[in-house]
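Q: I have a structure I would like to understand better, so I am pasting it below and will then ask my questions one at a time.
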Amino acid sequence: MTSPPARLRWSADDIRRARQRPLAPLLEAQGLRLHRLEDGNFRLLGESEELIVKDNYWIRPATGQVGNAIDFFVKIRGMRFDSVMRLLLPG
């Protein structure tokens, strides 16, 4: 079975919706383990550096690096943008 062809262009609305996807349920669906913190945020377990997940963004406190749902899958998981968009906006 082949994967669907890459989409050449995503609308600004598509990108905005993908950035705003809540991260915790997405990460758990990908098999990643999260630990709920007292403030309602989550710590991603198994990462070499501490990574905190808040609503639709993440932060690495030690470096100040921060990003949205798209950034997580591109920068942290090493996925291609088009694959990330298909993951975040299925169908």
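The values are calculated or read from the model by the stated rules, or taken from the named source; none is laboratory data. For clarity, every value in this text was computed on a predicted model and none was experimentally measured. Every residue, glycine as well, gets a Cβ built from its backbone with ideal geometry; the counts of neighbours run over all protein chains shown.
Q: Taking Ala24 as meeting all but one of (1) free of Cβ contacts under 8 Å to residues at least 24 places away in the same chain; (2) more than 26 Å from Arg9 (Cα to Cα); (3) not polar (S, T, N, Q), write down the number of the exception.
A: Condition (1) is where Ala24 drops out.
Q: Another question about this same structure. Can you tell me which residue is farthest from Gly40 (Cα to Cα) among those in region 56-72 that are out of contact with any strand residue (DSSP E or B) (no Cβ under 9 Å at 6 or more places or on another chain) and modelled with pLDDT under 95?
A: Filtering region 56-72 for residues that are out of contact with any strand residue (DSSP E or B) (no Cβ under 9 Å at 6 or more places or on another chain) and modelled with pLDDT under 95, the one farthest from Gly40 (Cα to Cα) comes out as Thr63.
Q: Moving on. Output the residue which, of all residues in region 42-91 that are in a loop (DSSP other than H, G, I, E, B) and touching a helix residue (DSSP H, G or I) at 6+ places or on another chain (Cβ under 9 Å), is nearest to Asp14 (Cα to Cα).
A: The extreme case among them is Leu89.
Q: Also: For region 51-59, check the following and say yes or no: at least one residue is surrounded by 14 or more Cβ atoms within 10 Å (Cβ to Cβ), touching a residue at least 24 places away in the same chain (Cβ under 8 Å) and either acidic (Asp, Glu) or at positive phi (or both).
A: yes
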